[in-house]
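Engineer: For reference, the structure I am asking about is given below.
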Amino acid sequence: MSNLGQAEEFSFPVPRPPAASSQAHKQNPLTSRATLVDCSDRQNGATTPMPKPVSLPEPKLKPDVRPGKIPLEKGYSQMDWMRLTKSHPDLAGLAGKSRNRAISMAEVKQHRSKDDAWLVLKGKVYNVTPYLKFHPGGLDWIMKGAGLDATSLFNKYHAWVNAEFMLEKCVVGYLVASTPAPQQS
């Protein structure tokens, strides 16, 4: 039995330093051309030289030129659009008019220019004029739907995009089916 008042002496085994002959040509492992020690032959002082550092060329950055991707002007990213929707009170250009008004397709067709572009998505009419410069596909692609019911075109390319959320501040009204004029006999 051991005495509880006395502490037993214990120490970890300390590795022996390599032979003095190999010590002369070794460098600090943190410097550029250090020598690695092969632990399996440490007793014999065998060493394995570290390979010379390789200099890598600087990567050449190319602009993103994938098909269908149009470089946007500075300040016109999707994040910039989201900031604008949070801060601008009237992106639809209604000037206080109701967003719940009935709009005919004939009225939508009158808004087909870059200065005044409306389109229909899933029955809602949007004034997309303020969004034109923010569209990731570029102005030409979004103008293909201006003045039209662009729901099928939108679903073909952007089925996963929540347009109702992105364009909620651009709602002008809802599309109503135009009734044919009564025929006179």
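Engineer: Please state which of the following conditions residue 161 fails to meet, knowing it meets all the rest: (1) over 21 Å from residue 70 (Cα atoms); (2) among the hydrophobic types (A, V, I, L, M, F, W, C); (3) in a loop (DSSP other than H, G, I, E, B).
Structural biologist: (1)
Engineer: So which of 66, 83 ends up being farther than 18 Å from residue 118 by Cα and modelled with pLDDT of 85 or more?
Structural biologist: 83
Engineer: Which one is nearest to the chain's Cα centre (by Cα), of the residues in the range 164-185 that are of a type in the set (A, V, I, L, M) and modelled with pLDDT of 90 or more?
Structural biologist: 166
Engineer: Let me ask you something else. Which members of the range 112-139 meet the condition of being assigned to a loop (DSSP other than H, G, I, E, B) and either more than 12 Å from residue 149 (Cα to Cα) or free of Cβ contacts under 8 Å to residues at least 24 places away in the same chain (or both)?
Structural biologist: The answer is 114, 115, 128, 135, 136, 137, 138.
Engineer: Please state which one of 113, 87 is polar (S, T, N, Q) and exposed (fewer than 10 other Cβ atoms within 10 Å of the Cβ).
Structural biologist: Criteria check complete, one pass: 87.
Engineer: Residue under question is residue 126, and the condition is that it be of a type outside the set (D, E, K, R), surrounded by 12 or more Cβ atoms within 10 Å (Cβ to Cβ) and under 22 Å from the mean Cα position of the chain (by Cα); does it hold?
Structural biologist: Considered against the rule, which asks whether it is of a type outside the set (D, E, K, R), surrounded by 12 or more Cβ atoms within 10 Å (Cβ to Cβ) and under 22 Å from the mean Cα position of the chain (by Cα), residue 126 comes out as no.
The values are calculated or read from the model by the stated rules, or taken from the named source; none is laboratory data. Note that the structure is a prediction, hence the values are computed from the model and not measured. Glycine gets a Cβ as well: all are built from the backbone with ideal geometry, and neighbour counts include every protein chain shown.
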